[in-house]
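Working notes for the structure below.
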Amino acid sequence: MANDCEVKGCKVDVPPALREHNLCVLHFTLSVENRCSEMRRETALGNTPHERQREIIKFITEHGERLGRVATRGLPLTDDLKARILSTFLTLMNLREN
C-alpha cells in the first residue's frame with residue numbers, strides 16, 4: 001500500500017521506514033535538517049539543561065537510525081537523494097558534536 005508524501009503538491013511515495021512521519025525521503029531530510037538547525041541555535045550558548053540535551057540525543061539517535069534504514073533498504077535512490085541523505089547524516093553528527 002503506497003502513501004503519498006503529506007507535503008502539499010508532493011506526489012512521491014513514502015517509504016515504509018518513513019510512514020510514521022508520512023514524508024518522502026527528500027521532505028524527511030529537509031525536516032530533520034531544519035530541526036537540527038533549530039537545536040544548534042538552542043545549544044550554541046552552551047547552557048542547555050541536561051534534560052533537553054538528553055532529548056536532543058534521543059532525536060539524533062532515532063532520526064539517524066530511521067535515515068539509515070531508508071538508505072540501506074534497497075530503495076531506488078537518485079544520486080541527488082543519496083547526497084542529501086549523506087548531508088543529513090553530517091548535520092546530525094554536527095549537532096551531536098555541538
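The values are calculated or read from the model by the stated rules, or taken from the named source; none is laboratory data. All figures in this text were calculated on a predicted structure; none of them were measured in a lab. Every residue, glycine among them, receives a Cβ derived from its backbone with ideal geometry; neighbour counts consider all protein chains shown. Just the protein is used for accessible areas: all its heavy atoms, side chains included, with ligands, DNA and RNA removed. Shrake-Rupley method; radii C 1.70, N 1.55, O 1.52, S 1.80 Å.
So what are the three principal axis dimensions of the chain from its Cα atoms, in whole Å, longest to shortest?
Principal-axis extents of the chain (Cα, largest first): 45, 24, 19 Å.
Hey, what do the phi angles of region 65-76 turn into as Karplus ³J(HN,Hα) couplings, whole Hz, using 6.51/-1.76/1.60 and θ = phi - 60°, x for Gly and Pro?
5, 5, 5, x, 5, 4, 6, 10, 8, x, 5, x
Starting at the first residue of region 39-49, write each ³J(HN,Hα) from the Karplus equation 6.51 cos²θ - 1.76 cosθ + 1.60 with θ = phi - 60°, in whole Hz, x for Gly and Pro.
Result, ordered by residue: 5, 5, 4, 5, 9, 4, 7, x, 10, 6, x Hz.
Normalised by the number of residues in the chain, what is the relative contact order in percent for Cα pairs under 8 Å and 6+ residues apart?
Computed value for the chain: 29 percent relative contact order.
Mind pulling the angle between the C-alpha long axis of helix 79-97 and the longest principal axis of the chain? Nearest 10 degrees, somewhere in 0 to 90.
Tilt of helix 79-97: around 20 degrees.
So, R0 is 30 Å and r is the distance between the beta-carbons of Val12 and Asn98; what FRET efficiency does that work out to, to 0.05?
0.45
Among residues other than Glu6 whose Cβ falls under 13 Å from its Cβ, what is the net charge (Lys/Arg +1, Asp/Glu -1)?
Net local charge, Glu6 excluded: 0.
Take the solvent-accessible surface of the protein heavy atoms, probe 1.4 Å, and return the percent of it on region 55-98 that carbon and sulfur atoms account for.
52
Quick one: accessible area per residue over the chain, 1.4 Å probe, rounded to a whole number of Å²?
67
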